[in-house]
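Step one of this worksheet: look at the structure below.
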Amino acid sequence: MSIIDQSGTFTLGDRTVKRLGYGAMQLAGPGVFGPPKDHDAALAVLRAAVASGVNHIDTSDFYGPHVTNRLIREALAPYPGDLVIVTKIGARRGEDKSWNPAFSPEELTQAVHDNLRNLGLDVLDVVNLRCMFDRHGLAEGSIEAPLSVLAELQRQGLVRHIGLSNVTPTQVAQGRRICEIVCVQNQYNLAHRNDDALIDDLARDGIAYVPFFPLGGFSPLQSSTLSDVAARLGATPMQIALAWLLRRAPNILLIPGTSSVAHLQQNLAATECALPDDAVKQLDSVASVGSA
């Protein structure tokens, strides 16, 4: 049994995945743009992840662009039967490395075909619609038009399941009226807990929640608190942050990213971090500590 089996499993669409997966974004070059500094090292990380038991990989064709999907195909195709590759559409990269909305029917359709081609697949397991009404965070806005385009591509057999990324609870509710939503991918961690209620609502309905930036946006005081707990438990801050997320709710699926095999193994070892109750209490207080 691999160490990540200790994280348990959860249903993603019609598949069962281990709760600790891998995010491929950091395999692209600086700023998630261009090729990796070390092509062979990127392939090695992907192969090590799967060899360690990871069966959920998160990616997008706008990482690079086109870089991470091609690396995934080169490293892992033909794909293991239990591997679930989740991608996302709704953005494009500018030549200046900017992140721009790509919400038109033509752009969304092209993005699905780009993902299929670069991953070497006939159908995509899960496609998240990335909402970019505001480049810097969440913003309200109707997702009916773009989500309807994605739902039509699902009816055509190009997409098995649909998720949402960077969305508000109102947009999640709207999306669920349009089609089945199997996962929601938002920023959430010890310090940023705006989605607490949403996570619990989704858990009750068996919908996966996939947090990104597990250490993103921490204040120095918050980082210090996390580091103190990690030092006391003989773990890294990232391991403790991931272990806390695994304990937070059963529907949370983790996709920590790295371009290093050593860091990958450290992240996967987060499943071995047993958090005593006093550590959990201290970690739960991190969100309020940062606003002081």
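The values are calculated or read from the model by the stated rules, or taken from the named source; none is laboratory data. This is a predicted model, so every value here is computed, not measured. Backbone-built Cβ (ideal geometry, glycine too); neighbour counts: all protein chains shown. These area figures cover heavy atoms from the full protein model, side chains too; ligands, DNA and RNA do not enter into them. Shrake-Rupley method; radii C 1.70, N 1.55, O 1.52, S 1.80 Å.
A few notes on this one:
- For region 172-187, the candidate set comprises residues that are out of contact with any Pro (no Cβ under 9 Å at 6 or more places or on another chain) and open to solvent by 50 Å² or more (accessible area, probe 1.4 Å); within that set, the residue that is farthest from E140 (Cα to Cα) is E180.
- Pairing each residue of region 125-151 that is within 23 Å of N69 (Cα to Cα) and of a type in the set (D, E, K, R) with any residue that is modelled with pLDDT of 95 or more and open to solvent by less than 30 Å² (accessible area, probe 1.4 Å), provided the two are 6+ apart or on different chains, yields C-beta distances under 6 Å for D125/V84; D125/I85; R130/K88; R130/G90; R130/A91; R130/S165; R130/N166.
- Looking only at region 51-101, residues that are hydrophobic (A, V, I, L, M, F, W, C) and in contact with a Cys (Cβ under 9 Å, 6 or more places away or on another chain) come to 1 in all.
- Residues of region 31-42 satisfying the condition of being outside any loop (DSSP other than H, G, I, E, B), surrounded by fewer than 15 Cβ atoms within 10 Å (Cβ to Cβ) and among the small types (G, A, S): G31, A41
- Elements of type helices (runs of 4 or more DSSP H) in region 218-292, at least 1 residues being among the small types (G, A, S), modelled with pLDDT of 95 or more and closer than 29 Å to I181 by Cβ: 237-248
- Pair list, Cβ < 8 Å and 6+ apart or interchain, from region 152-166 residues that are more than 15 Å from R176 (Cβ to Cβ) to residues that are open to solvent by less than 60 Å² (accessible area, probe 1.4 Å) and acidic (D, E): R160/D125
- One residue stands out among those in region 55-81 that are charged (D, E, K, R) and in contact (Cβ under 8 Å) with a residue 40 or more places away in the chain: the one that is most open to solvent (accessible area, probe 1.4 Å), which is R70.
- Meets criteria (in contact (Cβ under 8 Å) with a residue 24 or more places away in the chain and open to solvent by 30 Å² or more (accessible area, probe 1.4 Å)) for A203: yes
- Residue within region 103-121 that is under 18 Å from the mean Cα position of the chain (by Cα) and of a type in the set (D, E, K, R) present: no
- Residue match in region 131-145 (condition: open to solvent by less than 20 Å² (accessible area, probe 1.4 Å), under 26 Å from I85 (Cβ atoms) and not in a loop (DSSP other than H, G, I, E, B)): no
- Which listed residue, of L158, L164, L190, L242, is open to solvent by less than 20 Å² (accessible area, probe 1.4 Å) and either more than 18 Å from the chain's Cα centre (by Cα) or within 26 Å of F103 (Cβ to Cβ) (or both): L164
- Pairs are defined by a Cβ separation below 7 Å, a sequence spacing of at least 6 or placement on different chains, a first member in region 222-243 that is more than 20 Å from T271 (Cβ to Cβ), and a second member that is in a helix (DSSP H, G or I); the pairs so defined are Q222/V286; Q222/V289; Q222/G290; T225/Q282; T225/V286; T225/V289; S227/P237.
- Some residue of region 92-115 being touching a Leu at 6+ places or on another chain (Cβ under 7 Å), in contact (Cβ under 8 Å) with a residue 60 or more places away in the chain and open to solvent by less than 30 Å² (accessible area, probe 1.4 Å): no
- Hey, F10 aromatic (F, W, Y), out of contact with any Phe, Trp or Tyr (no Cβ under 6 Å at 6 or more places or on another chain) and assigned to a loop (DSSP other than H, G, I, E, B) or not: no
- When V50, V86, V45 are checked against the criterion of being of a type in the set (A, V, I, L, M, F, W, C) and surrounded by fewer than 24 Cβ atoms within 10 Å (Cβ to Cβ), a single residue qualifies: V50.
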